[in-house]
Amino acid sequence: MTKLRVAVIGAGGIGGTHLRAYAAWPDLCEIVGVADVDLAAAQARATEYNTTAFADYQVMLNAVQPDAVSICTPPKLHLPIALDVAQRKIACLCEKPPARTVAETEAIVAAFEEAGAILQFAFCHRFHEPVRQVQELIGQGKLGRVVQIYNRFGFRFDRAATSWFTDPDMAGGGILIDTLVHSIDIFRALAGEVVHVDAAVSTTLPVQVEDSASLQVVSASGVIGSLNCSWVTPVSEAEFRVWGTEGEAIIDYAASGGARYRLAGDAEWTTLPAQAPDRFVLQAAHFLSCVRHQQRPKVSGADGIAVMRVIEAAYRAARQRALLSV
Ligand SMILES: NC(=O)c1ccc[n+]([C@@H]2O[C@H](COP(=O)([O-])OP(=O)(O)OC[C@H]3O[C@@H](n4cnc5c(N)ncnc54)[C@H](O)[C@@H]3O)[C@@H](O)[C@H]2O)c1
């Protein structure tokens, strides 16, 4: 079997993670290039992964003709680069957030549909083993009917104020679109489609975007979610808690094992074993498999649009709240 030829556009933090994930599957793919407008950054990654560096992603695509690419640039660049990649009928793993708006996301999805090329949005938490374990517990009915979900992704993001992450034009917003986008995706995976959203945001740093956000969401089946993220709280916490009529489950990203759960009448928590590779490595494997077999990824374009609809509704709700409180 010939190996898929993969390339990475954007050699920053997550670009390095995509390269590491592809490098974990040497029998499935060959890394044929990495591009970054910062050529030194591309060169450093190229040296690490024994590939070729480019300063211009279009030059790279012309030169190496990859089967698949990862888009790992700031969100403003997702749309123009994705349209270019789709036009060339190259499969694409596009980082989150899908883009800055629903309209941009819809344009990306339409371009790949028209081209008949594979598009996967990099909602990596879908591949996190404890998330998959709790999905299974819910699917097996072990927790009974799911009633409430709580999530917190909180940490201190030191470079927020001085990076593109707080430039509204580059990022499309602040922590809501950057980090809470994962929370919404995980909530949808556990509870189904979001039909109601209320939101509050606040800004502590001297920046133009929100650096803390709390959403209350309700799924079509009536599950209530409380999703909370902050870039300014120094004690790092990343967790999901799921309560059902028969028990509770916890996804604690700091814990060493898998998900843990406790059913009605249980004296102790049961911790599931964690055996799988990390979520980025599994995400890459799924993407490569979809490209190889021309199958629709389990994180599809439709998922990207659905998540961005919740994001936009949340920003609208937060603005209305601000008006009412004046
Ligand atoms: N899935 C996750 O858990 C996760 C984690 C971090 C970041 N991300 C996402 O990944 C994307 C990149 O984030 P990051 O943390 O790697 O940012 P970063 O700033 O570390 O890296 C971005 C890189 O893109 C490069 N770049 C900018 N314009 C370019 C262009 N036209 N062509 C090629 N390269 C270009 C920059 O020079 C930079 O090196 C964002 O969408 C972000 O939200 C996802």
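Across segment 133-152, not a single residue is classified as modelled with pLDDT of 95 or more, of a type outside the set (S, T, N, Q), within 15 Å of the ligand (Cβ to nearest atom) and not in a helix (DSSP H, G or I).
In this entry, residue 99 is excluded by the filter for residues that are hydrophobic (A, V, I, L, M, F, W, C), touching a helix residue (DSSP H, G or I) at 6+ places or on another chain (Cβ under 6 Å) and either away from the ligand (no atom under 16 Å from the Cβ) or over 24 Å from residue 177 (Cα atoms) (or both).
Tell me, yes or no, whether segment 142-151 has at least one residue that is assigned by TED's automatic domain parsing to the domain that holds residue 241, of a type outside the set (Ser, Thr, Tyr), farther than 16 Å from residue 238 by Cα and in contact with a Ser or Thr (Cβ under 6 Å, 6 or more places away or on another chain). Within segment 142-151, one or more residues are assigned by TED's automatic domain parsing to the domain that holds residue 241, of a type outside the set (Ser, Thr, Tyr), farther than 16 Å from residue 238 by Cα and in contact with a Ser or Thr (Cβ under 6 Å, 6 or more places away or on another chain). For segment 6-116, which strands (runs of 3 or more DSSP E) that fit wholly inside it have 1 or more residues that are farther than 30 Å from residue 174 by Cβ and under 20 Å from the mean Cα position of the chain (by Cα)? Output list reads 68-71, 91-95. Just name the residue that is nearest to residue 70 (Cα to Cα) out of those in segment 237-285 that are hydroxyl-bearing (Ser, Thr, Tyr) and in contact with a Lys or Arg (Cβ under 6 Å, 6 or more places away or on another chain). If we take residues in segment 237-285 being hydroxyl-bearing (Ser, Thr, Tyr) and in contact with a Lys or Arg (Cβ under 6 Å, 6 or more places away or on another chain), then 271 is nearest to residue 70 (Cα to Cα). The numbered conditions (1) within 19 Å of residue 310 (Cα to Cα); (2) within 11 Å of the ligand (Cβ to nearest atom); (3) surrounded by fewer than 18 Cβ atoms within 10 Å (Cβ to Cβ); (4) not hydroxyl-bearing (Ser, Thr, Tyr) are all true for residue 55 except (1).
The values are calculated or read from the model by the stated rules, or taken from the named source; none is laboratory data. Computed from a predicted structure; not experimentally measured. Ideal geometry is used to build each Cβ from the backbone, glycine not excepted, and the neighbour counts take in all protein chains shown.
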